[in-house]
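What follows is one structure encoded as structure tokens, with my remarks underneath.
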Amino acid sequence: MTSLREMLENVLRDLKSAGDIEASAIVSRDGLLIAADISQNVNAEAFAAMTATMLGAAETATSELGKGIPDRVIVEGKSGKIIATGAGSKALLVVMTNPKANLGLVLLELGKASEKVKELLGG
């Protein structure tokens with residue numbers, strides 16, 4: 001029987017196979033790492049904590065400004081993009097892409113994967 005962790009890791013592997021995604025993680029809303037597909041040269045726990053903080057700050061800012069809760073946060077730099085999105089009430093799904101990533105395709109696949117994570121974690 002497949003464990004929950006293995007099912008979550010399969011979601012991340014499928015997401016990475018869609019292309020342009022270098023790393024991905026499922027993170028609790030308070031920044032704890034649940035599952036990751038990240039290279040050894042990236043500190044997965046730090047990545048989880050920083051991206052949860054980033055999305056939390058964006059949610060606070062947009063809420064205070066009367067714009068509602070954001071669907072996602074995208075940070076773009078010369079070396080690539082970091083995209084964080086909600087995956088239900090319990091988790092976030094975060095990816096790092098290469099700089100030339102097809103953003104539309106990445107967002108499409110990220111949406112599908114976040115729904116799978118939401119289902120697996122029960123909301």
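Worth a mention:
- Ser3 meets each of the listed conditions (1) under 12 Å from the mean Cα position of the chain (by Cα); (2) under 18 Å from Glu119 (Cβ atoms) apart from (1).
- Taken over the stretch 12-30, the criterion of being in a helix (DSSP H, G or I), in contact with a helix residue (DSSP H, G or I) (Cβ under 9 Å, 6 or more places away or on another chain) and within 16 Å of Met96 (Cβ to Cβ) is satisfied by Leu12, Leu15.
- Qualifying residue in the stretch 60-70 (condition: part of a helix (DSSP H, G or I) and under 23 Å from Glu119 (Cα atoms)): no
- Of the residues making up the stretch 42-74, those that are in contact with a helix residue (DSSP H, G or I) (Cβ under 7 Å, 6 or more places away or on another chain) and either of a type in the set (A, V, I, L, M) or within 15 Å of Ala25 (Cα to Cα) (or both) are Ile69, Val73.
- Applying the condition of being aliphatic (A, V, I, L, M) and surrounded by fewer than 16 Cβ atoms within 10 Å (Cβ to Cβ) to the stretch 19-42 and asking which residue is nearest to Gly123 (Cα to Cα) yields Leu32.
- Restricting Leu110, Leu105 to residues that are surrounded by fewer than 16 Cβ atoms within 10 Å (Cβ to Cβ) and either aliphatic (A, V, I, L, M) or part of a strand (DSSP E or B) (or both) narrows the list to Leu105.
Bear in mind these aren't lab numbers, they're just calculated from the coordinates by the rules spelled out. None of these values were measured; they are calculated from a predicted model. Positions of Cβ are generated from backbone atoms using ideal geometry, with glycine treated the same way; all protein chains shown enter the neighbour counts.
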